[in-house]
Structures are given as structure tokens and as C-alpha cells.
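Accompanying notes for the structure given below.
What follows is calculated from the coordinates using simple rules that are stated; it is not laboratory data. Just so it is clear, the structure is predicted and the values come from calculations on it, not from any experiment. With ideal geometry, Cβ positions are generated from the backbone for all residues, glycine too; neighbour counts draw on all protein chains shown.
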Amino acid sequence: MLKSSVLEVVRRGGTSIVLIGTLSLAMPSYAEQPSQLTILSGSPGGSWYPIAAGISEVFGSEGVVANAETGAGVANMARISAGHAELGMTTTTVPPLATAGSVPFKAEIHNVKAIAVLFPSHQQIAVTQASGIDEIAELANQPFNCESVGNSTQAALVDVLEAVGTSEGDVDCVRGSVSFGADGIKDGNLVGFTTLSAFPNGVFTELFHSVDMKLLPVPAKVAEVMQAKNPGYSYSVIPAGTYKGVETDVPTMRSDLMLIANEDLSDEDAYWVVKTLLDRIEDVRTIHAVMRPITPEYMAGVAGIELHPGARRAFEEAGVSFAD
């Protein structure tokens with residue numbers, strides 16, 4: 001059970017922030033703990049932000065002031081590198097681009113470490129039934145919410161469009177959050193939108209109940225092209241019944257979401273973060289349905305980026321074995 005906590009939502013510089021602090025006067029669980037933790041998450045309407053808020057509540061109930069801020073997967077990598085926050089969320093596709101200094105990064109990033117894997121994010125590309133679109137390549141010249149540049153969703157869209165032989169420049173892109181995209185579809189101004197998110201996504205669920213929608217599949221050959229370009233992708237499916245009208249499994253791309261930190265985060269703080277997540281894993285599993293199956297072994301299975309030494313120590317003490 002989470003201890004009683006106080007939650008305040010404020011606006012800071014146009015960014016939504018959840019401030020969570022404990023009301024309990026009990027001593028903290030561990031002698032060494034951070035004084036404050038800020039988690040950079042995702043855009044409004046996605047799954048990242050409420051999950052970051054849930055994790056912040058877990059930290060807050062242990063006596064740490066924890067902040068969940070909106071963000072974006074690609075931008076979070078750069079912001080963590082620059083020391084703008086203690087923790088950030090990104091996907092497994094982002095670190096390989098960052099370390100290589102590949103687009104959209106302007107320079108190589110080598111000072112960011114992994115803390116823990118949290119859950120799989122799936123590429124969900126949805127269009128209206130009325131649009132008549134059945135394949136991703138048919139998005140060309142169509143009004144579509146491509147998400148903001150610097151967002152993992154937008155980066156994944158660029159990759160899949162290139163893999164099918166077109167480009168984002170061929171799409172009549174508008175840029176906004178997943179909620180913005182849903183509103184545009186309801187108003188008849190857009191044919192579709194996309195997210196790289198856990199499923200079921202709340203905005204998608206609501207929209208699929210109010211508008212006749214469909215999910216576009218990613219063919220196996222397209223998946224091979226994407227994986228060759230970026231090993232952070234894996235091939236997966238969105239199961240039938242996830243959303244209203246989705247009657248068969250829809251093949252798509254998956255990119256696991258992870259917590260990251262600057263390498264300057266102390267070993268003690270990184271250790272505390274992971275130990276708290278592991279000790280409170282039953283509470284963590286209740287934050288979102290997609291997190292119910294997570295295990296310490298899954299959380300330690302980072303790829304394409306080095307695990308922070310403090311995080312590794314916490315996993316090893318929990319009985320997780322590493323190949324090296």
C-alpha cells in the first residue's frame with residue numbers, strides 16, 4: 001500500500017509538473033536517499049506521464065520529493081545529458097542514435113546511463129475507417145498528426161515511413177500531442193495519428209469508441225529494414241480486442257521504455273532508485289496494466305546503453321545475474 005501523500009499539479013514554464021511529497025513522518029526506508037528526484041516523461045495524453053507520476057508517488061511515499069514533468073524521449077536524452085533532471089524516460093531506440101550522434105542528435109552523447117527497463121512501448125498508427133487508408137505508405141499527402149520533433153513517437157514514425165519507401169516530408173504533417181491529434185480527428189481535420197506507447201492507450205481507447213478507426217500494420221519486411229537501421233526495435237503485435245473494432249492481431253514495432261540518468265548521478269542515488277522500485281515492485285506493477293508482468297530480470301535487461309553502476313548493484317543484490 002502507498003503511504004498517504006500530497007499531490008500538487010502546477011505549471012512551470014508551460015510544463016506540467018506533478019509534485020509529490022509524503023505526509024508521513026516515518027523514517028525513510030534507507031539511510032542514503034536522494035533529497036529530490038525529477039523524472040522527465042512524455043507528452044500529455046500518452047502513457048509515460050501518468051507512469052512517471054505513479055513512480056514519483058512511490059518515491060514520495062518513501063520521503064523523497066519527486067517531480068514528474070512532461071518531456072519527450074529524444075529530448076529527454078539530451079536534457080539528461082545536460083543535467084536538467086535526475087531521471088528521464090526514453091526508448092531503447094534512442095541511445096544508439098545518441099551515442100553515434102545520428103539524426104536527430106547534433107553531437108554524440110556518452111554520459112547517460114540506464115537505470116531500469118520499465119515496459120514495452122508499441123508503435124500504434126491509427127487512421128479513420130473513412131479515410132480508406134490500409135497501408136502506411138498511403139499516408140502520403142494526407143493530414144496526419146506526426147507528433148513534435150524530439151519525441152520518440154515522431155522518430156519512430158520517420159523510421160517506418162522511410163522503411164516503406166516514403167518520408168515524413170511526403171505527409172501533410174501537423175505537430176501536437178496525442179490528445180491534440182485525437183481532437184483533430186474528431187473535428188474532421190486529420191485522418192489519423194500515432195503514438196509510441198503502452199497499450200491500451202487511454203486517448204486511443206476513447207477515440208476508437210467515438211470514431212470508426214483502424215490500426216495500420218507494419219509488414220515483416222518493413223520490420224527487418226527498421227531493425228537493421230536500429231537494433232533498439234523488435235517486432236511485436238497489438239492483440240485483437242485492444243481497441244474497439246480491432247478484431248485481429250496487428251503486427252507492429254516495439255521499443256522498450258527505460259529510465260535513464262546522467263553518469264554523474266551518484267551510485268548511492270542510483271542504487272536507492274532501483275532498490276526502491278524492486279522493494280515496492282507490487283506497487284509499481286499497479287501503476288499501469290502494461291507493468292503488471294515486470295520482473296527484476298526484465299527491468300535489468302537494458303540494451304544499447306550501459307547500466308549505471310549503482311543500479312547494477314541493486315539488481316545484483318536482488319539476485320539478478322549479468323552475463324559479464
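Data for the structure
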{"quantity": "For the chain, the fraction of alpha-carbon pairs in successive 10 Å shells from zero, as %", "calculated": "6, 27, 35, 22, 9, 1, 0"}
{"quantity": "Value of [θ]222 nm, deg cm²/dmol, for the chain, DSSP H segments ≥ 4, -39500 (n - 2.57) each, nearest 500", "calculated": "-9000 deg cm²/dmol"}
{"quantity": "Sequence ranges 235-244, 90-99, 170-179, 267-276, ranked by mean other-Cβ count within 10 angstrom, highest first", "calculated": "90-99, 267-276, 170-179, 235-244"}
{"quantity": "Centroid-to-centroid separation of region 185-204 and region 280-301 [C-alpha atoms, Å]", "calculated": "26 Å"}
{"quantity": "Highest average packing first - 38-47, 216-225, Cβ atoms within 10 Å", "calculated": "38-47, 216-225"}
{"quantity": "Rounded FRET efficiency, nearest 0.05, which uses the C-beta distance separating residue 36 from residue 130 and R0 of 51 Å", "calculated": "0.55"}
{"quantity": "Cα-only radius of gyration and Dmax that characterise region 80-204, units Å", "calculated": "15.7, 47"}
{"quantity": "Computed E for residue 172/residue 106 - FRET, C-beta separation, R0 30 angstrom, nearest 0.05", "calculated": "0.65"}
{"quantity": "Mean Cβ neighbour count within 10 Å, used as a protection proxy, ranking 299-305, 128-134 highest first", "calculated": "299-305, 128-134"}
{"quantity": "Sequence-separation-based contact order of region 183-251, relative, with Cα cut under 8 Å and 6+ spacing, percent", "calculated": "31 percent"}
